[in-house]
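Below you'll find the structure, written out as structure tokens, and then a few comments.
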Amino acid sequence: MIIDATNIILGRLASFAAKKALLGENVEIINCQNAVISGNKKTTLKAHKERLQRGSKTRGPFTYRRADMFVKRTIRGMLSYKKENGKKALKRIKCYIRVPNQFKDKKTEQLKGMDLSKLSVMKYVSVKEICKSIGGK
């Protein structure tokens, strides 16, 4: 299953991908930097910057600054990744920043009901903006 994450709410995408991976499907997510997080932009960016202040550089908690790893870490939060079935499910999930050459000609799934039109108030921030604000490229 190939999912295009453009304008999809990240939490809904993560729970959908986690369920599919637990059922045994391979899930490929493309355009991860275009996924969005609902909420006030200023507050959301501030919360992610504060998360970097906790812990130490060697012990964590670690925050990913690349968009694809940021999305995969969010999906990991939806899985019981310390158990055997959660580990296997997490290995079935692949995230990509852009569309790789191997998926150029293949059909992608657009998730209906999980995009920006579901929001009642149009306050959101993209994963790309969050990663840039915390030091990513």
Is it true that residue 39 is farther than 30 Å from residue 23 by Cα and in contact (Cβ under 8 Å) with a residue 60 or more places away in the chain?
yes
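To keep it simple, each residue is scored yes or no on (1) surrounded by 15 or more Cβ atoms within 10 Å (Cβ to Cβ); (2) more than 24 Å from residue 24 (Cα to Cα).
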residue: 91; (1), (2): no, no
residue: 96; (1), (2): yes, no
residue: 101; (1), (2): no, yes
residue: 108; (1), (2): yes, no
residue: 117; (1), (2): no, yes
residue: 120; (1), (2): no, yes
residue: 125; (1), (2): yes, yes
residue: 129; (1), (2): yes, yes
Taking residue 130, is it in contact (Cβ under 8 Å) with a residue 60 or more places away in the chain and not in a loop (DSSP other than H, G, I, E, B)?
yes
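Any read-out appearing in this document is the output of simple, stated calculations on the displayed coordinates, not a laboratory observation. Computed from a prediction, not measured in an experiment: that's the story for all the values here. Every residue, glycine as well, gets a Cβ built from its backbone with ideal geometry; the counts of neighbours run over all protein chains shown.
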